[in-house]
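Following: one structure in structure tokens, then a few remarks.
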Amino acid sequence: MLPKYNVTATLQCAGNRRTAMSITRKVKGVGWDVSAIGNAVWGGAKLADILELIGVPKLTSCTQSGGKHIEFVSVDKCEVEENGGPYKASIPLSQATNPEADVLLAYEMNGEPLNRDHGYPLRVIVPGVIGARSVKWLDSINIIAEECQGFFMQKDYKMFPPSVDWGNINWNTRKPQMDFPVQSVICFLEDMQSIKPGKVRISGYAVSGGGRGIERVDVSIDGGKTWMEATRFQKTGIPYIAGGISNDKWAWVLFELTVDIPQSTEIIAKAVDSAANVQPEKVQDIWNLRGILNTSWHRVHVRIGHSNM
């Protein structure tokens, strides 16, 4: 019997915060605000263990027959796939066979059997990678020579520059997006919210792909003129330090900062990950026609007035 592992991991849609990008210039896709993301404890078997059972050793990047990728095929049919075929995606074999990558075939979520919406009876969890690769409702797993040729690998979820539009796009010039960049969002305050003058708690989440930790979260209460460092934690009451051995390396980090806000202002959050990657200031600089990977500084405008806070 294969050992069961529990992995705490954040899944984030590549289109998280798409709505804000669309305000700058129209994009194509579901209008997500800041909540196309979630954190859970996933239970299941490591894909590396399963592959080893069929003769693919751990830390293998290419099989003797030339297999370099693992393809996950769902029972879910998609109109955009060829002949209305199933949703599918792939990851490199080197990632699938690396036990440290924690790729799971999951059958539990937060200690309970997966429910239908989250992929019952079996799904793949690929930590640190955009959610589109964590295929739900698994039907089959294939070892293939080239990356999956499905629609959502080849004609979607690729990062293009602002100069590319639907008239000049060439999907073959970009690789499928895998890791997600560093991100932070203020959750406790909403844009254009009215608050009472005085002490206000600013809190939210920060996360980075590829297992990179969050080195710091900077918060400004004067539109970016000055900055303060927020407190970070994953477990209540335990300070978070990037790279700590007790961290959940695939999970989001929560942050908070209590400040005095005497007047209407713009509050901003930006995160820096353990590789010194930092969120870009302006959404215009990372605009793309599918509205993915909006990791620009998160801005919330607050007004002093009547409030229940």
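With respect to Arg299, is the statement that it is more than 18 Å from the chain's Cα centre (by Cα) and farther than 30 Å from Trp42 by Cα true?
Numbers: more than 18 Å from the chain's Cα centre (by Cα): yes; farther than 30 Å from Trp42 by Cα: yes.
For Arg299, the condition - more than 18 Å from the chain's Cα centre (by Cα) and farther than 30 Å from Trp42 by Cα - is met.
Quick check on Ala9: is it closer than 21 Å to His118 by Cα, outside the structural domain of Arg212 (by TED's automatic domain parsing) and either in contact with a Cys (Cβ under 9 Å, 6 or more places away or on another chain) or part of a loop (DSSP other than H, G, I, E, B) (or both)? Don't jump to the end; show me each part of the working.
Numbers: closer than 21 Å to His118 by Cα: yes; outside the structural domain of Arg212 (by TED's automatic domain parsing): yes; either in contact with a Cys (Cβ under 9 Å, 6 or more places away or on another chain) or part of a loop (DSSP other than H, G, I, E, B) (or both): no.
For Ala9, the condition - closer than 21 Å to His118 by Cα, outside the structural domain of Arg212 (by TED's automatic domain parsing) and either in contact with a Cys (Cβ under 9 Å, 6 or more places away or on another chain) or part of a loop (DSSP other than H, G, I, E, B) (or both) - is not met.
Look through segment 216-240, keep the residues that are surrounded by 13 or more Cβ atoms within 10 Å (Cβ to Cβ) and not in a strand (DSSP E or B), and return whichever of them is nearest to the chain's Cα centre (by Cα).
Among those that are surrounded by 13 or more Cβ atoms within 10 Å (Cβ to Cβ) and not in a strand (DSSP E or B), it is Tyr240.
Identify all residues within segment 160-174 that are touching a Lys or Arg at 6+ places or on another chain (Cβ under 7 Å) and free of Cβ contacts under 8 Å to residues at least 24 places away in the same chain; write none if there are none.
Applying the first criterion (touching a Lys or Arg at 6+ places or on another chain (Cβ under 7 Å)) to segment 160-174 yields 160, 171, 174.
Trp171, Arg174 - these are the residues of segment 160-174 that are touching a Lys or Arg at 6+ places or on another chain (Cβ under 7 Å) and free of Cβ contacts under 8 Å to residues at least 24 places away in the same chain.
Kindly indicate which of Ile245, Ile268 is outside the structural domain of Lys28 (by TED's automatic domain parsing), aliphatic (A, V, I, L, M) and in contact (Cβ under 8 Å) with a residue 12 or more places away in the chain.
Numbers: Ile245 fails: in contact (Cβ under 8 Å) with a residue 12 or more places away in the chain.
Of Ile245, Ile268, the one residue that is outside the structural domain of Lys28 (by TED's automatic domain parsing), aliphatic (A, V, I, L, M) and in contact (Cβ under 8 Å) with a residue 12 or more places away in the chain is Ile268.
Looking at segment 21-44, which of the residues that are surrounded by 19 or more Cβ atoms within 10 Å (Cβ to Cβ) and aliphatic (A, V, I, L, M) is nearest to Val164 (Cα to Cα)?
The extreme case among them is Val27.
Is it true that Gly210 is at positive phi, within 24 Å of the chain's Cα centre (by Cα) and surrounded by 18 or more Cβ atoms within 10 Å (Cβ to Cβ)?
Values: at positive phi: yes; within 24 Å of the chain's Cα centre (by Cα): yes; surrounded by 18 or more Cβ atoms within 10 Å (Cβ to Cβ): yes.
It is true that Gly210 is at positive phi, within 24 Å of the chain's Cα centre (by Cα) and surrounded by 18 or more Cβ atoms within 10 Å (Cβ to Cβ).
Go through Ser296, Ser246 for me and flag whichever is touching a helix residue (DSSP H, G or I) at 6+ places or on another chain (Cβ under 9 Å), hydroxyl-bearing (Ser, Thr, Tyr) and outside any strand (DSSP E or B).
Working: Ser246 fails: touching a helix residue (DSSP H, G or I) at 6+ places or on another chain (Cβ under 9 Å).
That would be Ser296, the only listed residue that is touching a helix residue (DSSP H, G or I) at 6+ places or on another chain (Cβ under 9 Å), hydroxyl-bearing (Ser, Thr, Tyr) and outside any strand (DSSP E or B).
Can you name the number of the only condition in (1) modelled with pLDDT of 95 or more; (2) farther than 26 Å from Gln234 by Cα; (3) not in a loop (DSSP other than H, G, I, E, B) that Arg303 fails?
It is condition (1) that Arg303 fails.
The values are calculated or read from the model by the stated rules, or taken from the named source; none is laboratory data. Computed from a predicted model, the values in this text were never measured in an experiment. We place every Cβ from the backbone using ideal geometry, glycine too, and count neighbours over all the protein chains shown.
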